[in-house]
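Colleague: I have a structure here, written as structure tokens, and I will follow up with some questions on it.
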Amino acid sequence: MASSLAVCRPTRVSVIGAGNVGSTLAQRIVEHNLADVVLLDIVGGRPEGIALDLLEARGLEGHDRRIVGTTEYAATAGSDVVVITAGLPRKPGMSRDALTRANAQIVIEATRQAVAQSPEAIFIIVTNPLDVMTYLAWKVSKLPPPRVMGMAGILDSARFQVFIAKELGLSPIDIRTMVLGGHGDLMVPLPRYSTVSGIPITELMDASTIDRLVERTRNGGAEIVELLRTGGAFYAPASSAYTMVETILLNQPRLLPIAAYLQGEYGLNDLYLGVPARLGCGGVESILELKLTDEERIALHKSAESVRYTLEYALDLL
């Protein structure tokens, strides 16, 4: 009897960059049984070795997801989501913006090649300086803005969440935080919109304590860079990117702080910046415009000005 079984195309995520963030993200995706993964890097042997290592753990982790390591973009064809993590990491004392020139060239080339193979994919950018790299990827890809986004506020909010939890001696499970603005030193954590079981942290901590936690959140990435001395954070960034990939692939719409394209929201235009957005299977479905105080709005626009300044420099590389 002839088989009538249908051949189904598995969901595929391509991760461009097999460094610490990319390889950890690949591990998260396959071990959560979310999708097959293509892990690409320009350094021959590295993505293939990581992929083989993860494949050998399939039986122990209890999943059947495939993971392929490659240096060829043809292997990424037909991806549902492309995540670009490729780029140089920060060194101690180095700002995210100092990476602009080198990482811009990497992201531009990666986007061009990836979108040629997967023109229907949704693109998530992780490379720093994130807001600028996301804008460049959007420009190069020529995709609609909702299908290109950056991983920003999720990570910053997660850091703020953990710092609050440690300060109060509580589990982070009941803590919700919100951070707007560029993914850098001028990000804008919002204590009024950060809660513990629905209670604003402004009712649980004094102003000086909140200011200290806000400042630590702004310097969260730099703090890890200084401690590691070589390289930067990768576990929390990978988890943040995974949250976005999962939301898209499972079509479980969530309101998340991400770097989205602004067209008048918050009084800002033609800019990628961290804002709360509804994320779903089509990408960025809508942007929520929070009611900000004058002080919060000024801080957000200051952050936007910093991103735009770096962006104008980076656009010369296109």
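Read-outs: derived from the displayed coordinates by stated rules, not from any lab. Nothing here was measured: the structure is a model prediction, and the numbers come from that model. Please note: Cβ atoms are built from the backbone with ideal geometry, for glycine as well, and neighbour counts cover all protein chains shown.
Colleague: Classify segment 153-317 as rounded, prolate or oblate from the Cα gyration tensor: take a ≥ b ≥ c as the square roots of its eigenvalues, call it rounded if a/c is under 1.5, otherwise prolate when a/b beats b/c and oblate if not.
Modeller: Cα axes put segment 153-317 in the rounded bin.
Colleague: Once the convex hull of the alpha carbons of segment 205-250 is built, what does its volume come to per residue, in cubic angstrom?
Modeller: Roughly 97 Å³ of hull volume per residue.
Colleague: Estimate the FRET efficiency between Glu120 and Leu228 by the formula 1/(1 + (r/R0)^6), using the beta-carbon distance for r and 35 Å for R0, to the nearest 0.05.
Modeller: Efficiency computed from Cβ-Cβ geometry: 0.40.
Colleague: Counting only helical runs of four or more DSSP H residues, what would the 222 nm mean residue ellipticity of the chain come to if each run contributes -39,500 (n - 2.57) and the total is spread over all its residues?
Modeller: -13000 deg cm²/dmol
Colleague: Compute the distribution of all C-alpha to C-alpha distances in segment 249-318, in bins of 5 Å from 0, and list the percent of pairs in each, rounded to whole numbers.
Modeller: Bin by bin from 0 Å, the calculated values are 4, 15, 23, 22, 16, 12, 7, 2.
Colleague: Can you sort Ile124, Ile50 from fewest to most other Cβ atoms within 10 Å of each residue's own Cβ?
Modeller: If I rank by nearby Cβ atoms, fewest first, I get Ile50, Ile124.
Colleague: Please sort by residue number the trypsin sites (Lys or Arg not before Pro) in segment 16-73 whose DSSP state is loop and whose Cβ has at most 13 other Cβ atoms within 10 Å.
Modeller: Counting only loop positions with at most 13 other Cβ atoms within 10 Å, none of the trypsin sites (Lys or Arg not before Pro) in segment 16-73 qualifies.
Colleague: Show me, for segment 215-232, the HN-Hα J-couplings you get by feeding each phi into the Karplus relation (A = 6.51, B = -1.76, C = 1.60, θ = phi - 60°), rounded to Hz, glycine and proline as x.
Modeller: Going residue by residue, I get 5, 5, 5, 4, 9, x, x, 5, 4, 6, 4, 5, 6, 6, 6, 10, x, x Hz, with x marking Gly and Pro.
Colleague: Here is a follow-up. Between the helical axis of 100-117 and the dominant principal axis of the chain, each derived from Cα atoms, what acute angle in degrees is found, rounded to the nearest 10?
Modeller: Roughly 40 degrees, rounded to the nearest 10.
Colleague: Here's something else I'd like to know. Positive end of the charge dipole of the chain (Lys, Arg +1 and Asp, Glu -1 on Cβ, about the Cα centre): tell me which of Ala299, Ala26, Leu288 has its Cα farthest that way.
Modeller: Checked the options; the winner is Ala26.
Colleague: Counting only pairs 8 or more places apart or on different chains, how many lysine pairs in the chain have C-alpha atoms closer than 29 Å?
Modeller: Total qualifying Lys-Lys pairs in the chain comes to 7.
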